[in-house]
Amino acid sequence: MKKMYLLALLIFIPLTNNAQERVNATVPTINPVSKGKITEATGWLQNDDGEWLSRKNRIPWNLSGEDKTLMDYQYYALGENRENFTYMGLYDVTINDSTYTILIKKGKEGYYKYESLQEGWTPQDIITYYVFDNNELEKLKNLESDKNHEIKIKTLYSNRINYLTPSSSLDLKAVAKDLYKFMKEGDRYFMKELVIYYKQYKDKLRFVIQSEEDIDFLKPDLNKMYYETTKANFDKFIKL
């Protein structure tokens, strides 16, 4: 009798395990209505000759003399330290029933198929995103005008989506899926602080938005390189 009971128990246990319900994972969701965005600003840089250079939506490469003719050519057209953007926006993102802010920056990238020969330039787009608590942007409010500020935003998650075609649209679902994969893998390599440099000068706003990783290569000097737009335009992105 005991043997029959034990046999029945052994059969029942795996059946019980197999009967567990299959439940889809909860992927982060990004509200498609942006809380703020910016699509245009003028990038300025003072080159080594002391001359000011400018380009729309990118900080020009530090070129002087005849080399300035390369400013819009392939790799150089990405800007100093590849600093450029086509769009920056703020959205609500819901993760495990909690709502945070996600800053999404889309920009231009590229690579040479034959790097050693500097041939076969292939343009690409890139998306970088940063997730942080909603109150982090309060750090930017009511700061002194006509003074350089360096504000660190503590991120919960951040990552890059590379190798997008130049015609790629800003697909928020793709960003949400990448965020879910990033969270699942637990890779903290790209979890860098977001740093916002800005200076309010008269009715203008000068700024650079970078991650710590970018700063390792080039920390911006707002006296020599920055994006500039009207304060009213910047307020449509981040309200100061």
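Would you mention how many residues in the stretch 63-84 are exposed (fewer than 13 other Cβ atoms within 10 Å of the Cβ), of a type outside the set (Asp, Glu) and assigned to a loop (DSSP other than H, G, I, E, B)?
2
Using the structure shown, decide if LEU53 is open to solvent by less than 70 Å² (accessible area, probe 1.4 Å) and at pLDDT 95 or above.
yes
Filter the stretch 112-159 down to residues that are assigned to a strand (DSSP E or B) and of a type in the set (Gly, Ala, Ser) and give me whichever is surrounded by the most Cβ atoms within 10 Å (Cβ to Cβ).
SER158
List the number of the failed condition for ASN24; all other conditions in (1) at pLDDT below 95; (2) touching a Ser or Thr at 6+ places or on another chain (Cβ under 6 Å); (3) polar (S, T, N, Q) hold.
(2)
Restricting attention to the stretch 220-240, which residues are farther than 17 Å from LYS105 by Cα and buried (at least 22 other Cβ atoms within 10 Å of the Cβ)?
Residues satisfying the conditions are PRO220, MET225.
Are any residues in the stretch 31-50 among the aliphatic types (A, V, I, L, M) and open to solvent by less than 60 Å² (accessible area, probe 1.4 Å), and if so, which ones?
Matches in the stretch 31-50: ILE38, ALA41, LEU45.
What number of residues within the stretch 183-210 are modelled with pLDDT under 85 and touching a strand residue (DSSP E or B) at 6+ places or on another chain (Cβ under 7 Å)?
Number of matching residues: 4.
Would you mention how many residues in the stretch 122-155 are under 14 Å from LYS192 (Cβ atoms) and in contact (Cβ under 8 Å) with a residue 60 or more places away in the chain?
Counting residues in the stretch 122-155 that are under 14 Å from LYS192 (Cβ atoms) and in contact (Cβ under 8 Å) with a residue 60 or more places away in the chain gives 3.
Does ASP92 satisfy the condition of being of a type in the set (D, E, K, R), under 24 Å from TYR130 (Cα atoms), touching a Lys or Arg at 6+ places or on another chain (Cβ under 7 Å) and open to solvent by 10 Å² or more (accessible area, probe 1.4 Å)?
Judged against the criteria, ASP92 is a match.
Is it fair to say THR39 is under 30 Å from LYS224 (Cβ atoms), out of contact with any helix residue (DSSP H, G or I) (no Cβ under 6 Å at 6 or more places or on another chain) and modelled with pLDDT of 55 or more?
It is true that THR39 is under 30 Å from LYS224 (Cβ atoms), out of contact with any helix residue (DSSP H, G or I) (no Cβ under 6 Å at 6 or more places or on another chain) and modelled with pLDDT of 55 or more.
The values are calculated or read from the model by the stated rules, or taken from the named source; none is laboratory data. From a predicted model like this one, the values you see are computed outputs, not experimental measurements. Every residue, glycine among them, receives a Cβ derived from its backbone with ideal geometry; neighbour counts consider all protein chains shown. Ligands, DNA and RNA are stripped out before the accessible areas are found, and what is left, the full protein with its side chains, is counted by its heavy atoms. Shrake-Rupley method; radii C 1.70, N 1.55, O 1.52, S 1.80 Å.
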